[in-house]
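The values are calculated or read from the model by the stated rules, or taken from the named source; none is laboratory data. Nothing here was measured: the structure is a model prediction, and the numbers come from that model. So basically every Cβ, Gly included, is an ideal-geometry build from the backbone, and we count neighbours across all protein chains shown. In case anyone asks, the SASA skips ligands and DNA or RNA and just uses the protein heavy atoms, side chains included. Shrake-Rupley method; radii C 1.70, N 1.55, O 1.52, S 1.80 Å.
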Amino acid sequence: MRAMYFEAFEATPDVRTLPDPTPTEGGVVIKVEATGLCRSDWHGWMGHDPDIRLPHVPGHELAGKVVAIGKGVRRFREGQRVTVPFVSGCGHCGECRSGNQQVCEEQFQPGFTHWGSFAEYVAIDYADQNLVHLPEAIDYATAASLGCRFATSFRAVVDQARVTGGEWVAVHGCGGVGLSAIMIAAALGANPVAIDISDEKLAFARKMGAVATINARNVADVAEAVRDITGGGAHASVDALGSPVTCFNSIKNLRRRGRHVQVGLMLADHAAPQIPMAQVIGHELEIYGSHGMQAWRYDAMLAMIESGKLAPQNLIGRHISLDEAVPALMAMDKATDLGISVITRF
Ligand SMILES: [Zn+2]
Ligand SMILES: [Zn+2]
C-alpha cells in the first residue's frame, strides 16, 4: 500500500510503498476512502505524543470499507462502509464496561498507538466494540471528518458541557474543533460566540451558526468582551484551540456556575497552563476535558446529521491527495485553511 511514513520526529515524511496490513483476531482492515488532517497529527509528528513509536504512519480521522476481518469479529462483514472514533476502547477494562470507551485504559488509537490512516489501508483492533456502520446518506469525506474533531466537539457540547437552548456558549478558536462546536451548539438552540484572530475564520464561524464574533486582536480583554456580549458571561465555554491564553480566557469568561470544556490539546510546553482558580472556587465553575466519543454515542450524532440539523459536510475545506498532505501536515500549526482538509486521493 501507499502510505505517509516518517522515521524521525520533525523530519519530512515521505510517501512510500509498505506491506498491506492484516487483521488481528478481533480486528479488521479498512480500505481508507477518506481521512482528515488534524492538528493532533502535527503534534504527533513533532514528537509531542508519547504513544507514538517510530517509524510511524499518521492519520486518525477515517472512513472506508471493510476489506478483511479477523476470525473473532462478529458484527462486521467485508464490504461494509464504516468509520471509527479515534479513541477505540478495548471492551473489557473498567472504563469500557461502564460505557466510557473514550478513556479506556488500553485504548487503540490509529495514527498514535498504532499505524494510522494516511495510507490506502489501515488495521483497526477491537472492531466489534468500536466500528460504526455508516448510513448510505453520509459520504466518506464527511464521515472522516467526524472521527475526531466533530465527535469530540459533540461530546464536549452535548455530554460534558450539557448545553441547552438559549444558553450562551463561547468558543475559543475557529479551526475544525471550534467550527464543529459552534454548529452543534447552534443546533441545540444555544447562542455561540466565536473568538479567533482571523476575520476570515470568524466570518466562516457566523455561517456555521455563531451569533456574535470577537477578534481577539481587536479587544483589550477577551473575557470582558464575552461578558459584555453575553450579559455577564457564557454559560459554557470551549477552548477549541489549546493554548495557555485560550484556556485561561475560556475559564475567565464564564458566568457563575459556568462550565469550561478543554478540547484543544495542551502538550509539551503548554501541558500545565495557568488557570484562574480563585474564580473556579468562588463562582463554582466546572472544568471538563473531552477526549473523543464512544462509538455507541454516534447514533445520536448521526441521527442529527441525517435529519439535517447538523451539516458537518459544510466544515470540509479542501480535498487533497496523500502527496499533498505531506506539506499540509508540516504546516498544520500555522494552518490558515478555512475548514477541514481531507485526503481523498491515495
Ligand atoms: Zn477499555
Ligand atoms: Zn484529530
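Straight-line reach from residue 207: taking Cα to Cα under 24 Å and skipping same-chain neighbours fewer than 8 places apart, the lysines in range are 309, 334. Here is the P(r) of the chain: all C-alpha pair distances, binned every 10 Å from 0, give 6, 27, 34, 23, 8, 1, 0 in whole percents. Among residues other than residue 341 with Cβ under 10 Å from its Cβ, the summed charge is -1 (Lys and Arg +1, Asp and Glu -1). Counting charges near residue 22 (Lys, Arg +1; Asp, Glu -1) among other residues having Cβ under 15 Å from its Cβ returns a value of -3. Counting 0.36 nm for each residue step from residue 2 to residue 78 and taking away their Cα separation leaves a gain of 25.3 nm. Each of 38, 127, 193 was placed along the dipole of the chain (beta-carbon charges, centred on the mean Cα), and the one lying farthest toward the positive end is 193. Taking the Cα atoms of the range 89-184, the ratio Rg/Rh between the radius of gyration and the Kirkwood radius comes to 1.00.
GNM on the chain, alpha-carbon springs under 10 angstrom: the most fluctuating residue among 160, 313, 274 is 274. Rounded to 0.05, the FRET efficiency of the residue 203 and residue 67 pair, given R0 = 51 Å and the Cβ-Cβ distance, is 0.80. Express in Å², to the nearest 10, the accessible area of residue 20 obtained by rolling a 1.4 Å probe over the protein heavy atoms while all chains stay in place. Roll a 1.4 Å probe over it and residue 20 shows about 90 Å². Within the straight-line cut-off of under 19 Å between alpha carbons, the aspartates and glutamates reachable from residue 201 are 239, 333, 337, sequence neighbours fewer than 8 places apart in one chain being disregarded. For the range 175-251, the calculated P(r), taken from all Cα-Cα distances in 5 Å bins from zero up to the bin holding the longest distance, is 3, 17, 29, 30, 18, 3, 0 percent. Each label point was placed 7 Å from the Cα along the Cα-to-Cβ direction; for residue 306 and residue 139 their separation is 2.0 nm. Taking all C-alpha pairs of the range 204-290, those more than 21 Å from each other amount to 28 percent.
Taking 27 Å as the straight-line reach from the Cα of residue 31, the lysines in range (excluding those fewer than 8 positions away in the same chain) are 65, 71. In the chain, the calculated helix contribution to ellipticity at 222 nm averages -6500 deg cm²/dmol per residue, counting -39,500 (n - 2.57) for every DSSP H run with n ≥ 4.
Within the full protein context, the accessible area of residue 252 is estimated at about 70 Å² for a probe radius of 1.4 Å. The alpha carbons of the range 255-346 give a radius of gyration and a Dmax of 18.3, 53 Å, in that order.
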